[in-house]
Amino acid sequence: MAFTLLQAGAALQLMDSAGALSTLTLPTGITLDATKPPRFAINGRYVVMVNSPSRPITIDPAGIVRPLCPLPPALAPVLSSAAGGSLAGTYLAKMTFLILDEFGNIIAESDYGPISNSQAVATAYLRAASLEVSADAASARRLYRTTTLGSTYFAWADADGNIITALQDDLADAALSAVAASPTLGSPPRLTLVSEWKSRLWGVGDDLIDNLRYTEAGMPYAWNPDNDLLIPRVGSDQFGVRGLAPRRDALGVGRR
């Protein structure tokens, strides 16, 4: 469905193909600055909006506005042993917040929160408690776990919704995901520029104006801090990168 987005002062509005105008509801805690021009990029069926929002946001054709990336957990899950299961080993865990679409696909995943305590279990359940509730409208919390005495994390269990604060499971090491979790996800800065090119989002934050940041391929929410390019001449002016121009085989990056 074709639509047009407009910023009217501190409000975000959507005009549909019939010309009907509606004011959209912003996520809790996110505001628009009427003194800054909005900047947009199209990523699949979503529009990414930056610069005027206090945090980058996405808008879908139904007019639902979401954070581009949830804020990461600030607290580590607390692991313990619970009687009754069949798991044996010593484990670590960490957690992210997920935002899902109506079909259960991941729209966004936060950066990892702090790593839990190390917990040994012997023919028992591994219990994760003190699961933080997201300040954003998270659809679920995802727990990642090591194999026994390991250092690589694998997707372990999802706590559906944004309410429950504990779960337990005795999933064997061999039954964990065959693919290791991404080593780094990362949160976006407060972006002033954004563009989509080659299945990645590219952008510039208001903190490091000479740096071009980019996401993991196919993961518009995963702003690995190592994905960073310095654009010459660094420190030559107070404006930094001022424009992005995607082309078929190159991304143009402009300065004054």
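Summary of values
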item	result
Selection from the range 197-210 of residues that are surrounded by fewer than 22 Cβ atoms within 10 Å (Cβ to Cβ), under 16 Å from the mean Cα position of the chain (by Cα) and either assigned to a strand (DSSP E or B) or at negative phi (or both)	200, 205
Unmet criterion (only one of (1) surrounded by fewer than 17 Cβ atoms within 10 Å (Cβ to Cβ); (2) within 30 Å of residue 127 (Cα to Cα)) for residue 255	(2)
Selection from the range 70-112 of residues that are open to solvent by 10 Å² or more (accessible area, probe 1.4 Å), in contact (Cβ under 8 Å) with a residue 60 or more places away in the chain, farther than 30 Å from residue 149 by Cβ and part of a loop (DSSP other than H, G, I, E, B)	71
Residue count for the range 35-68, restricted to those that are among the polar types (S, T, N, Q) and open to solvent by 40 Å² or more (accessible area, probe 1.4 Å)	2
Single residue of the range 113-150 satisfying the filter (of a type in the set (A, V, I, L, M) and touching a residue at least 60 places away in the same chain (Cβ under 8 Å)) that is farthest from residue 68 (Cα to Cα)	149
The one condition in (1) touching a residue at least 60 places away in the same chain (Cβ under 8 Å); (2) surrounded by fewer than 17 Cβ atoms within 10 Å (Cβ to Cβ); (3) of a type outside the set (D, E, K, R); (4) part of a strand (DSSP E or B) that residue 192 fails to fulfil	(2)
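The values are calculated or read from the model by the stated rules, or taken from the named source; none is laboratory data. Keep in mind the model is a prediction, meaning the values are calculated, not measured. Every residue, glycine among them, receives a Cβ derived from its backbone with ideal geometry; neighbour counts consider all protein chains shown. These accessible areas exclude ligands, DNA and RNA; they are computed on the full protein's heavy atoms, side chains included. Shrake-Rupley method; radii C 1.70, N 1.55, O 1.52, S 1.80 Å.
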